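Asks: What follows is a single structure, and I will ask about it in a moment.
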């Protein structure tokens, strides 16, 4: 099973070369700054910064569009409903429904923030191998239990996913078709889920024994050393200032009465 | 159940992260009190992946199909590990599948993780006042699964309704709460049934998985 | 390259079980897994499939079962052209890892799974389960969870689950992997007594020698040799050029010890 995240890690952009810990701090600050924005006047700037950063990352546009598709459906539903449900200023009547100004503007805000945050998130996580990013988070202070669990879960996710696919194939080859919801189908599916749990549990016991035999005592060794160069720090400074800029302008707009 | 980015105010997202931090701290404390914490880590890790994968199983509800959340079952099987497990699962979903959100990771962890811990407590009640039996496992499994989903849905709903732009008039607000609650009742029954049946399966095949 | 050895005289088998012509298949990330494969198997034949890992044996099986869709070519099973995605009850496949196949809470439930999917009556299902249990010699395990069995027992139970569907052709993917000597001997005896059309992929060359009347050597997506097992496998140059070895029992010894 191919989770497809590390597809574009071998490109050579500014972001690919940026030291992972600085990248984490800088882009997460930017993401939260975007999430702080409520004033519509900042939206064009948000989109501009997002587009520039994505372009700089050299990630393909098709990648962004594919990744936007699935979560986009959920947001779309909300965004279509809001303009008809919230607000008191009615702009226009469409049949029995009234399109309201506040709802429309709220939708605009939500969708812009959503797309921007998701895009920056892709830049953050797709420009370095997933495991490197986890190591960076660990080196910034994540408790070792959490990082160990993340490593191991990720390592076995593909395998367990393959197990499920193979089991479903084997069931299909014995004539199983999921059509209606009845007791038999539910029994089969719960047995399938239960079997996946049992197999994973028993596999984990073997994994633990193998780890202990190689000296595991409760925390996996951290051997990736991260070095921050002056250039990395400068880029971090730039991104951080941008984030702070957004927050300050937003506060000013709020102070002025929006 | 997963709240995406862009909807909640930054203050709520940050509060979510703070609360998750506290909840994680307490969960890890409880985990370290057990006899052999390192042994639990591979188990919890692989079970995290297993639950992630198990939620991909399609349950047919004509004309479509649904994926279950299984946070109740996760609480039943993992006990205190349920919270870090859900946190990690949500992280994977946000980063690998763009499902859920990065700013809302903390909030989503509370929304799904607290009910999971509650489900684990509910399930533990089956041991009280009587010897172990299939009926008890089934009943408490059902309750754990149903409440796991129900409370998560309620949290998510209340959060969305009270933080979305407040031009919403009271009528619409009330109506949507009722409508969405109603929509979740059959799902609660389904999750309850699924959780009960898996619990019964595990009791037969690998009872130690139910010790949490 | 066709091996100019003695072809198996299939005159005394009268019907075609499997007729494959021009079969080609590629995976999205691996091209040419199977290239223009042609094969005819008659009813009642026991055919072994040997070759190095990656030769395409498992892929070939999945195509024959209708799980994968051919890139090109035709598959005809017992006179009926194969439709991809449908369920062909004439062919059953025993997977390499029994854990991928066994999922029900008891052995009896697992064996009954196939017949139940065929929508047979309760009595018929029971009868088939009993027959499958006794044929594979696992009757005393009928109420145990499959997860608690030894690998040999799991293997026989997974075979029972496929046999209960009364397939006309059974495919075995590495059936003797992980079996102890006694279980392996039991498996060989079982296979020798079977009259069904059988395809067996295996690295266990001695098993192929004991069980099969015909062997196919596959490598790099094609059939490289097709003939009597002892003759094909005696050819050292052939075997070694395709990543295999001549089985020990075929090595001429100065002091015969067989």
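Asks: Against the conditions (1) in contact with a strand residue (DSSP E or B) (Cβ under 7 Å, 6 or more places away or on another chain); (2) in a helix (DSSP H, G or I); (3) under 24 Å from residue A:187 (Cα atoms), where does residue C:63 fall short? Just the number, please.
Replies: (3)
Asks: All but one of (1) more than 14 Å from chain A (Cβ to nearest Cβ); (2) assigned to a loop (DSSP other than H, G, I, E, B); (3) surrounded by fewer than 22 Cβ atoms within 10 Å (Cβ to Cβ) hold for residue C:166, so report the exception by its number.
Replies: Among (1) more than 14 Å from chain A (Cβ to nearest Cβ); (2) assigned to a loop (DSSP other than H, G, I, E, B); (3) surrounded by fewer than 22 Cβ atoms within 10 Å (Cβ to Cβ), residue C:166 violates only (1).
Asks: Can you name every residue in segment C:54-73 that is within 20 Å of residue C:241 (Cα to Cα) and in contact (Cβ under 8 Å) with a residue 40 or more places away in the chain?
Replies: Matches in segment C:54-73: C:55, C:56, C:57.
Asks: Among the numbered criteria (1) part of a helix (DSSP H, G or I); (2) surrounded by fewer than 23 Cβ atoms within 10 Å (Cβ to Cβ); (3) away from chain C (no Cβ under 14 Å), which single criterion is violated by residue A:186?
Replies: So the condition that residue A:186 fails would be (3).
Asks: Among the residues of segment A:127-184, count how many are in contact with a helix residue (DSSP H, G or I) (Cβ under 6 Å, 6 or more places away or on another chain), touching a residue at least 60 places away in the same chain (Cβ under 8 Å) and closer than 22 Å to residue C:102 by Cα.
Replies: Of the residues in segment A:127-184, 2 are in contact with a helix residue (DSSP H, G or I) (Cβ under 6 Å, 6 or more places away or on another chain), touching a residue at least 60 places away in the same chain (Cβ under 8 Å) and closer than 22 Å to residue C:102 by Cα.
Asks: In segment C:108-128, how many residues are in contact with a helix residue (DSSP H, G or I) (Cβ under 9 Å, 6 or more places away or on another chain) and not in a helix (DSSP H, G or I)?
Replies: Of the residues in that region, 2 qualify.
Asks: Here's something else I'd like to know. Hey, any hits in segment A:203-218 for a residue that's within 14 Å of chain C (Cβ to nearest Cβ), surrounded by 15 or more Cβ atoms within 10 Å (Cβ to Cβ) and part of a helix (DSSP H, G or I)?
Replies: Yes, segment A:203-218 contains a residue that is within 14 Å of chain C (Cβ to nearest Cβ), surrounded by 15 or more Cβ atoms within 10 Å (Cβ to Cβ) and part of a helix (DSSP H, G or I).
Asks: Does residue A:135 satisfy being more than 10 Å from chain B (Cβ to nearest Cβ) and outside any strand (DSSP E or B)?
Replies: yes
Asks: Return a yes/no flag: does segment A:33-42 have any residue that is part of a loop (DSSP other than H, G, I, E, B), within 13 Å of chain B (Cβ to nearest Cβ) and buried (at least 18 other Cβ atoms within 10 Å of the Cβ).
Replies: There is at least one residue in segment A:33-42 that is part of a loop (DSSP other than H, G, I, E, B), within 13 Å of chain B (Cβ to nearest Cβ) and buried (at least 18 other Cβ atoms within 10 Å of the Cβ).
Asks: Determine whether residue A:48 is more than 12 Å from chain B (Cβ to nearest Cβ) and either free of Cβ contacts under 8 Å to residues at least 60 places away in the same chain or in a loop (DSSP other than H, G, I, E, B) (or both).
Replies: It is true that residue A:48 is more than 12 Å from chain B (Cβ to nearest Cβ) and either free of Cβ contacts under 8 Å to residues at least 60 places away in the same chain or in a loop (DSSP other than H, G, I, E, B) (or both).
Asks: While we're on this one: Within segment C:186-209, how many residues are exposed (fewer than 15 other Cβ atoms within 10 Å of the Cβ) and not in a loop (DSSP other than H, G, I, E, B)?
Replies: Number of matching residues: 3.
Asks: If you don't mind, there's one more thing I want to ask. Could you list, in sequence order, the residues of segment B:6-22 that are more than 7 Å from chain A (Cβ to nearest Cβ) and surrounded by fewer than 20 Cβ atoms within 10 Å (Cβ to Cβ)?
Replies: Within segment B:6-22, B:9, B:11, B:12, B:14, B:15, B:17, B:18, B:19, B:21, B:22 meet the criteria.
Asks: Another question, if that's okay. Going by the conditions given, is residue C:205 in contact with a strand residue (DSSP E or B) (Cβ under 8 Å, 6 or more places away or on another chain), more than 30 Å from residue C:160 (Cα to Cα) and at pLDDT 90 or above?
Replies: In short, no.
Asks: Need the failing condition index for residue A:176 against (1) modelled with pLDDT of 90 or more; (2) part of a helix (DSSP H, G or I); (3) in the same structural domain as residue A:206 (by TED's automatic domain parsing), just the number.
Replies: Residue A:176 satisfies all of (1) modelled with pLDDT of 90 or more; (2) part of a helix (DSSP H, G or I); (3) in the same structural domain as residue A:206 (by TED's automatic domain parsing) except (2).
Asks: Using beta carbons and a limit of 7 Å, which pairs, at least six apart or on different chains, have the first residue in segment B:37-53 and more than 7 Å from chain A (Cβ to nearest Cβ) and the second one assigned to a helix (DSSP H, G or I)?
Replies: Taking only residues 6 or more apart or on different chains, the pairs are B:40/B:31; B:40/B:81; B:51/B:74; B:51/B:89.
Asks: With the condition kept exactly as written, say whether any residue in segment B:88-107 is more than 12 Å from chain A (Cβ to nearest Cβ) and touching a residue at least 40 places away in the same chain (Cβ under 8 Å).
Replies: no
Asks: Okay, moving on. Test residue A:221 against the stated conditions and say whether it is exposed (fewer than 14 other Cβ atoms within 10 Å of the Cβ) and more than 14 Å from chain C (Cβ to nearest Cβ).
Replies: yes
Asks: Going by the conditions given, is residue C:105 more than 21 Å from the chain's Cα centre (by Cα) and within 19 Å of residue A:164 (Cα to Cα)?
Replies: When the stated conditions are applied, residue C:105 passes them.
The values are calculated or read from the model by the stated rules, or taken from the named source; none is laboratory data. Because the structure is a prediction, the values reported are computed rather than measured. With ideal geometry, Cβ positions are generated from the backbone for all residues, glycine too; neighbour counts draw on all protein chains shown.
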